[in-house]
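The values are calculated or read from the model by the stated rules, or taken from the named source; none is laboratory data. As the structure is a computational prediction, the values presented were derived from the model and not from experiment. No Cβ is skipped: glycine too gets one built from the backbone with ideal geometry, and neighbour counts run over all protein chains shown. For the accessible areas, the whole protein counts, side chains as well, though only heavy atoms, and no ligand, DNA or RNA atoms are used. Shrake-Rupley method; radii C 1.70, N 1.55, O 1.52, S 1.80 Å.
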Amino acid sequence: MNKILTTILNAWKVPELRKRILFTALIFVIFRLAAHIPVPSVNLVALKELFSKNQLLGLLDIFSGGTLANFSIMALGLNPYINSSIIFQLLTMVVPSLEALQKEGEYGRKKINQYTRILTVPLAALQSFGMYALLRNQKIIIDLNFINIIALIVTMTAGTLFLMWLGELISEKGIGNGISMLIFAGIVGRLPVSLGQTLSVFNPENFFNLIIFIVMSLGVVAGIVYINEAARKIRIQYARRISGQKMYGGQSTYLPLKINQAGVIPIIFAVSLVLLPSMIGSFLQNVPNVAIARFAGGLAKFFQPNGVVYNLSYFILVIGFTYFYTAVVFNPKKIAEEIKKYGGFIPGIRPGEPTVIYLNKILNRITLVGAIFLGLIAILPSIAQGLTGIATMSIGGTGILIVVSVILETTKQLESMMVMRSYDGFLKK
């Protein structure tokens, strides 16, 4: 914590970085103001009551940056953009043309980003209609005619695009990754609300449970920092080679394999799937057909967010997606080829296929630790509520993971900016 505060204070002393920090703060203010502009025809009182009783919608609100609870013009948050990014990230691994485009450096990255933005529009429109249909069945939004439905979809889609634009402004002129920073701002913005709800229902009998909750929260933060920074270092030795009168190589370096290679992506994937039964059940509960309505009611009850089936399914899905996404983003065969290309080898392991097998073995072991950790983080709200009985302060392990990860990454970016500035100043001298 001291290191983070020291980095921020040192960055504030640099005029250029201070300007970036102030610009980011201005975007945060705009974001929070826009998050309170409601969409017409929505019963906000009934909506807030629904959110207070439904942990499922609370999970969705995390990734909307806190805008879904107010059903603002940015109620969809960055979900469509995140989904679009994930889709293209996976497509670059299976579509040769996209894979080739990704390897074209800055031009390829810009092209893929452009495709991602284009796909965000239909995804946002589809999710807008889905949100309208869900809330209409819950009697939270009135029946609208065709023109009003189109206006609602256009408004919510425009809100997502506006939020995406704000994120890109932060990435370009502010500090940190813009998308992550806005999600971070939304989660942190909900803290005073959660704290106020907890204090309103607080009584001396719950004091011990509150202490347990605080200790658990501090332990989770420490665990997230440790896992995020932890890596298995594999030593790479480079062979010596002589060119003319000079000798090159002979040095050794390390290949760091992070325990949590996938970040928060597996939880996003898992949430999308594990929430489907509850959402389908809630959507079909009011249909005229009695048999379908009864089945839908049973399905929604079976997958209650506090239930054993829901949490066990969530945990297993997170582990499965962690292995899947790690396999997508980390290619041992490509790494082994790069090591061999530059004359490197792992001591005791032959170059080529044996190196691939060795890297796969190490990766599978450390991914298991990271996957179990992410799975526990995902079901942390249910564990915390079961142990303490305090539901109002349970932001969720996913929210804590995002907040801590963003703080760590932003601090590293500030440090690198200050190092680069010092290096540039040295060159000018």
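Structure values in brief
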read-out	value
Cα gyration tensor shape for the stretch 325-387, rounded if a/c is under 1.5, else prolate or oblate	prolate
Residues of the stretch 280-387: accessible area per residue with a 1.4 Å probe, Å²	56
Given 173/341; 173/412; 13/173, the pairs whose alpha carbons are separated by over 28 Å	173/341
Extended-chain gain in nm, criterion 0.36 nm per residue less alpha-carbon gap, residue 304 and residue 226	24.9 nm
In sequence order, calculated HN-Hα J values of the stretch 325-340 (Karplus, 6.51, -1.76, 1.60; Hz; x Gly/Pro)	5, 4, 5, 6, 8, 10, 10, x, 5, 5, 5, 4, 5, 5, 4, 5
Protection proxy ranking of 161-169, 76-84 - average other beta-carbon atoms within 10 Å, highest first	76-84, 161-169
Calculated Rg and Dmax of the stretch 149-189 using C-alpha coordinates, Å	12.1, 38
